[in-house]
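Enquirer: Okay, handing you the structure first.
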There are 2 protein chains.
Amino acid sequence: MAAAGARGGERRAEIVRAALEVIAERGYRGASLGAVAERVGLTQQGLLHHFPTKEALLVAVLEERDRWDTGGGGAHGGRRLELLELLVEYNAMRPGIVRTFSALLGESVTEDHPARDFFTHRYARVRADMAAVLRAEFGDRLPGGPTPEEVAPLVTAVMDGLQYQWLLDPDAVDMPAVFRAFLRLLGTR
Amino acid sequence: MAAAGARGGERRAEIVRAALEVIAERGYRGASLGAVAERVGLTQQGLLHHFPTKEALLVAVLEERDRWDTGGGGAHGGRRLELLELLVEYNAMRPGIVRTFSALLGESVTEDHPARDFFTHRYARVRADMAAVLRAEFGDRLPGGPTPEEVAPLVTAVMDGLQYQWLLDPDAVDMPAVFRAFLRLLGTR
């Protein structure tokens, strides 16, 4: 039983990785369960045994995002600016996964998209956590002048926006260098 | 003939507006020519008379973007920071059109997307124009310290990234106020 469970877990992880690839290529709306199944050598029926709906598979992919970008830093530690600098450097080495989530974020603003609530709540939480961490460290104003509540959405916007420019033209945009220039503006380094 | 040409031009503009709406709702990959035709009271065959392919219609939508965000400012004037502040305020009053282009930008990083070249070239041009304007005005460094070449991708990233957060949760994100906080960081106002 334990071995079967472990094999099932590996299989699920393999399916989630395949879904990440298919979404990077086609977006979520353009992705089909058949394409994901084919990539892992399952029938569509076999895939449905692990994920009963396309949305269930999307939820697993989005949960993977949270494991991915909170890193090992814990709930609050992951919002510290130095750790974000490392995260941006790390992301610059894995365009595939960045592409998946950039495509999903873009789609999420379209009507009734199943990832919309996920991103809305996630950003609300990220902004609140980051503002709290910055306020604890710097008080009412960062060295560069802005409040923690102004900086939190800005940091998030810079990370997301740079990813699009970098994915479109990786040779023209040095994502980690531009992000470091932004951190210097904040006056924290 | 002239009247027929004018009517044709109006009809095309009407179709482009309908396409903007359908893309805001479903993205480009999820949009169908049938849905656009229905919205303007044409058959799909009638629509094809104006735009022979779905991609031709996308090109018209993307050209509309350029009319939209260079505003009346001319090639370089539109990149000046004060004008961008006004543009962000203006955008905050029209979520529909912002949603269309945010959805298209997100999709553009997926494989073989027909808007990819448009966005790649557009961003290269925007970064180059903006850096040139900033360099002419401020020299090697903006008052806040960064170079014009660092600021150009940052401004673009902040505008794009804030649009996603604002579209997802307009009550939580005061897009113009956060953008002004960013301009204050640059030390130019």
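Enquirer: Taking helices (runs of 4 or more DSSP H) that fall entirely within segment A:2-67, which contain at least 1 residues that are touching a residue at least 60 places away in the same chain (Cβ under 8 Å) and surrounded by 15 or more Cβ atoms within 10 Å (Cβ to Cβ)?
Expert: Per the criteria, A:2-30.
Enquirer: Regarding segment B:42-56, can at least one residue be identified that is β-branched (V, I, T) and closer than 25 Å to A:P114 by Cα?
Expert: no
Enquirer: While we're here: Can you pull out every residue in segment A:87-112 that is aliphatic (A, V, I, L, M) and at the interface with another protein chain (Cβ under 9 Å from one of its Cβ atoms)? Give the steps one after another, and end with the answer.
Expert: First, pick out the residues of segment A:87-112 that are aliphatic (A, V, I, L, M): A:87-88, A:92-93, A:97-98, A:103-105, A:109.
Correct list: A:V98, A:A103, A:L104, A:L105, A:V109.
Enquirer: To continue, here is another question. Looking only at segment A:118-167, which residues are touching a Ser or Thr at 6+ places or on another chain (Cβ under 6 Å) and among the polar types (S, T, N, Q)?
Expert: Selection gives A:Q163 alone.
Enquirer: I need the full set of residues from segment A:138-183 which are charged (D, E, K, R) and in contact (Cβ under 8 Å) with a residue 40 or more places away in the chain, in order please.
Expert: Result: A:D160, A:R180.
Enquirer: Oh, and also: Taking A:V88 and the conditions (1) over 21 Å from A:Y28 (Cβ atoms); (2) in contact with an Asp or Glu (Cβ under 8 Å, 6 or more places away or on another chain), which numbered condition does it fall short on, given that it satisfies the others?
Expert: (2)
Enquirer: How many of the residues in segment A:89-112 are within 23 Å of A:V61 (Cβ to Cβ), part of a helix (DSSP H, G or I) and among the acidic types (D, E)?
Expert: 1
Enquirer: Considering (1) of a type outside the set (K, R); (2) more than 20 Å from A:E107 (Cα to Cα); (3) over 16 Å from the mean Cα position of the chain (by Cα), say which one B:D112 fails and leave the rest.
Expert: Among (1) of a type outside the set (K, R); (2) more than 20 Å from A:E107 (Cα to Cα); (3) over 16 Å from the mean Cα position of the chain (by Cα), the lone unmet condition for B:D112 is (2).
Enquirer: From the residues in segment A:86-112 that are under 20 Å from A:W166 (Cβ atoms) and of a type in the set (D, E), which one is surrounded by the most Cβ atoms within 10 Å (Cβ to Cβ)?
Expert: A:E107
Each value in this text was obtained by applying a stated rule to the coordinates, not by laboratory testing. This structure is a prediction, so every number in the text was calculated from the model and none was measured. Here the Cβ is made from the backbone with ideal geometry for all residues, glycine too, and neighbour counts use every protein chain on show.
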